[in-house]
Amino acid sequence: MTITDKATLTSLHSKAMELMAARQDEDALTVFGQIVDFNPNIAEVHFQVARIFLRNDRLSRALTHIRAAVRLKPGIGDIWKVYADLIRTLSDPEAQGTFRTALKDAPLEKREKRLLSTSVDFTGRQTAPLSGTPPKAFAAMVAALTSGDGSRAQSLAKAELKRNPKAPAVMTVLAAAQLAQGRLKEAEASCRDALALDPRYAEAHATLARILRATQRMSDCVAACNRALRLSPGLPAALRMRADCCMEVGRREDAQRDFESLIAIDPKTEDNYVAYIRFLHGEKEYFQAIDIARRAIKRGVGGFALKNVFAQALDEAGRSEEALKVFEEAVALVPESGDAIGRIALLKQSLGRFDEAMSDLRRAIAIDPTNGSLHRIYLTSQKLDADDPLVASMEAKFLDDKIPPIRRTHFGFALAKAAEDQKRFDEVFGYLNPANALMREEFPYDIAARVTFVDQLIAACKDFDWLGAPTASKSDFAPIFVTGMPRSGTTLVEQIIASHSRVTGGDEVGVASKWALQLLSRDGEEPITFDELPGGALERVADRFEAYMRALLPGSDLVTDKAIQSFTSIGLLKRAMPNAKIVVVRRDPRDNLLSIYKNVFPENTHLYAYNIEDLAEYYRQFVRLVDFWRELVPGWFYEIQYEALVADPETEARRLIASCGLEWEDACLNFHKTERRVKTLSVYQVRQPMYKSSTRAWERYGEDIKPLLDALGPGYADAAE
């Protein structure tokens, strides 16, 4: 409906209010949107839109509109009440400060201002409604729960509820105890009973949020956290749970806001900093993670867990020696931690200090002999004889059901490597298949989500005139992106390029592609098409990436980024940085997928790798995207075949270097002598001269390889011939 007069405006407003009353919120927002487009200065409309967003847990959008309403009509108390409700729900100290600053100048009575200001205090706690339960009895239940004894906490809570069945706090402890034991249905029922007794008990809402997250109901989890925070602003348990949920569903900005609020409100709890740093690590924001770790240490927080994640962030940021020092500080705090010693060994491996790494690994294995990961890392650069006692020891542990599955799975991969080294190829899949199955059980993956992602990406990019449209970006930054499937030879190709005197290898950075794709995803909302991007968006990606790489590799002329996922965003990267070079590495998919299936990747990465059918489908989607970009933007990237490179290194290396716009240097053929940091699974191989033994390796496995070939399909396998 086109708005032409006041009567039409009134009619639309009435319609929107009716839709809102009927809980048809999306339709109501559409109608309110028409009014805002016509006149963006109607406070009542912004007020109602904010209410809709608030009740649908879209807090950032609600904040935008409630601030507009307050700005337009600062003397309306009802607007301020909704604003205060939103501030309690956000529990964001910065937003709280903005609220109070604006409130000071509002034309409201002093008493009303005082009440509004007090209402947004972040108490972070709530008195437990004991309803007659002795405080000492309640404290005993909580102590049992905190110590990890869910069974005892449950017994104590049930005994008290027999005497006093209407104690919401005790019922909530029972729910938490049942959750700790994995009894999710019972836990949810108990928690809802607690809320029936006292709907305003924030801790019960926070406990329900934990249960909802455990059952993968993420939007319900966020809603429960919001109810808890509205009742008890700044409640750390609810803030942390909401941050974790937002992180899992891709609401990155919301997750980061909650983590910042959490460490501001609860600055002495180490686990909050550790969780935040891990989140930033997952976002590849290593420099920010380092800042958070240093902030924690300034506040007197610096235990074993914090030092571990701090060292990992330093490591990823290229500060290897500082990372080693912090790792060693962590080990000094907990000398019996095999995992921490193993991380030191991995860092030394990446620096080419293999003898020291082996010594550390042997020490770690002696401390923690059931840690399969340590054995697997040890075997990456070691070949064991069939009669080596370590083989028999690993066999026994791999079959021992008393050892946690995640530890046993690493023994399986290690034993597969040992069997292959001993040329017992008919035994390799006997270890690989169960090891991958255990890994898949531990880390489920939905390949359909990947197919949907590729569908949406192609739909977002296919109709734009990539070659004809003028390039707005003025960036002269010229990184060299090396991309392809994992285990396809990307590390080798990057090492050849990084051996050039003008080039510094950045290893797997990956943030440019991530940031570019985030422009289309809008932080977890419906995707948009490329031509809908706001002006300057790609330029900001280019500027941000250049600043990131300058900080990571200061003083470098040209830099590489071996970003595996860059093949997804070839067009976006070139539009953002027209001088960038992109190299796509291809490998016979039979060898490529076999190599992936034989390896373990860093936690929560490449989860498709542990199932043959998913692995084959992921590869098909890789080919689909590379074909898409080749047709859409021919000449924007260079493709190199791994088999051709190892068969004729000099010819292919010369072509590769030329594709990067560089003059040939003989050092590029002596890549294995280049002393630089290498962090990938190929850390050992890339320091050896080029070899051909990894080509056609799939042929060694006879019938065992057939399921992989069948999953891949003849069209893809035959294309490699």
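Among 306, 277, 212, whose Cα lies farthest out toward the positive end of the dipole of region 199-329, if unit charges sit on the beta carbon of Lys, Arg (+1) and Asp, Glu (-1)?
Of 306, 277, 212, it is 212.
Roughly how big is region 468-544's charge dipole about its Cα centre, with Cβ charges of +1 (Lys, Arg) and -1 (Asp, Glu), in debye to the nearest 20?
Dipole magnitude for region 468-544 comes out near 280 debye.
Kindly express, to the nearest 10 degrees and within the range 0 to 90, the angle between helix 537-552's C-alpha long axis and the longest C-alpha principal axis of the chain.
Here the helix axis deviates by roughly 60 degrees.
Ranked highest first by the average count of other Cβ atoms within 10 Å around their residues, in what order do 31-44, 350-363 fall?
The densest-packed peptide leads the list: 350-363, 31-44.
Based on the mean of other Cβ atoms within 10 Å per residue, sort peptides 498-505, 71-78 so the most packed one is first.
The packing order, highest mean first, is 498-505, 71-78.
On average, how much area does the Cα convex hull of region 246-301 cover when viewed from any direction, in nm²?
So the mean shadow area of the Cα hull is 3.3 nm².
What pairs from 462/574; 136/158; 307/598; 284/348; 15/104 go past 25 Å between their alpha carbons?
Those over the limit are 307/598; 15/104.
Which semi-axis lengths, in whole Å and largest first, follow from the square roots of five times the eigenvalues of the Cα gyration tensor of the chain?
For the chain, the semi-axes come out at 48, 36, 24 Å.
How high is the relative contact order of region 118-274, in percent, with contacts defined as C-alpha pairs under 8 Å that are six or more residues apart?
19 percent
With N set to the number of residues, divide the alpha-carbon radius of gyration of region 480-607 by 2.2 N^0.38 Å and report two decimals.
1.12
Working from Cα positions, state the angle (0 to 90°, nearest 10) between the long axis of helix 218-231 and the longest principal axis of the chain.
For helix 218-231, the angle is close to 40 degrees.
What is the distance in Å between the Cα centroid of region 437-458 and that of region 569-607?
The two parts, judged by their Cα centres, are 16 Å apart.
Treating the angle as unsigned and between 0 and 90°, give the value, to the nearest 10°, between the Cα long axis of helix 320-333 and the longest Cα principal axis of the chain.
Long axis of 320-333 versus the principal axis of the chain: about 70 degrees.
Per residue of the chain, what 222 nm ellipticity follows from adding -39500 (n - 2.57) for every DSSP H run with n ≥ 4, rounded to the nearest 500?
Estimated from H runs of four or more residues: -19500 deg cm²/dmol.
With a cut-off of 8 Å between alpha carbons and a minimum separation of six or more residues, what is the relative contact order of region 197-257 in percent?
Value for region 197-257: 30 percent.
What does the C-alpha gyration tensor say about the overall shape of region 430-553? Classify as rounded when a/c is under 1.5, otherwise prolate if a/b is larger than b/c, or oblate.
Because a/c hits 1.5 or more and a/b fails to exceed b/c, region 430-553 counts as oblate.
Ignoring ligands, DNA and RNA, what accessible area per residue does region 352-419 give at 1.4 Å, in Å²?
On a per-residue basis, region 352-419 sits at 46 Å².
Share of the chain's accessible area from carbon and sulfur, percent, 1.4 Å?
Its accessible area is 51 percent carbon and sulfur atoms.
How large is the accessible surface per residue of region 231-337, computed with a 1.4 Å probe and reported in Å² as a whole number?
Heavy-atom accessible area per residue stands at 38 Å².
Would you work out the relative contact order for the chain, in percent, from Cα pairs under 8 angstrom that are 6 or more residues apart?
Relative contact order, the chain: 8 percent.
Which of the lysines could be linked to residue 397 by a straight reach, that is with a Cα gap under 17 Å, when you skip same-chain ones fewer than 8 residues away?
417
Which order do peptides 548-555, 317-324 fall in by mean Cβ count within 10 Å, highest first?
317-324, 548-555
Where the only charges are on Cβ atoms (+1 Lys, Arg; -1 Asp, Glu), what is the dipole of the chain about its Cα centre, to the nearest 20 debye?
2720 debye
Suppose every K and R has +1 on its Cβ and every D and E has -1 on its Cβ; what is the size of the dipole of region 541-593 about the Cα centre, in Debye to the nearest 20?
The calculation lands at about 160 debye.
What are the residues whose amide H is under 5 Å from the amide H of residue 582, where those residues sit 5 or more places off or on another chain and H is modelled from the backbone?
Under 5 Å from the amide H of residue 582 lie the amide H atoms of 481, 638, each far enough along the sequence or on another chain.
The values are calculated or read from the model by the stated rules, or taken from the named source; none is laboratory data. What you see is a predicted model, and the numbers here were worked out from it, not measured in a lab. Neighbour counts run over all protein chains shown; Cβ positions are idealised from the backbone, glycine included. Remember, those area values only see protein heavy atoms, side chains included, never the ligands or the DNA or RNA. Shrake-Rupley method; radii C 1.70, N 1.55, O 1.52, S 1.80 Å.
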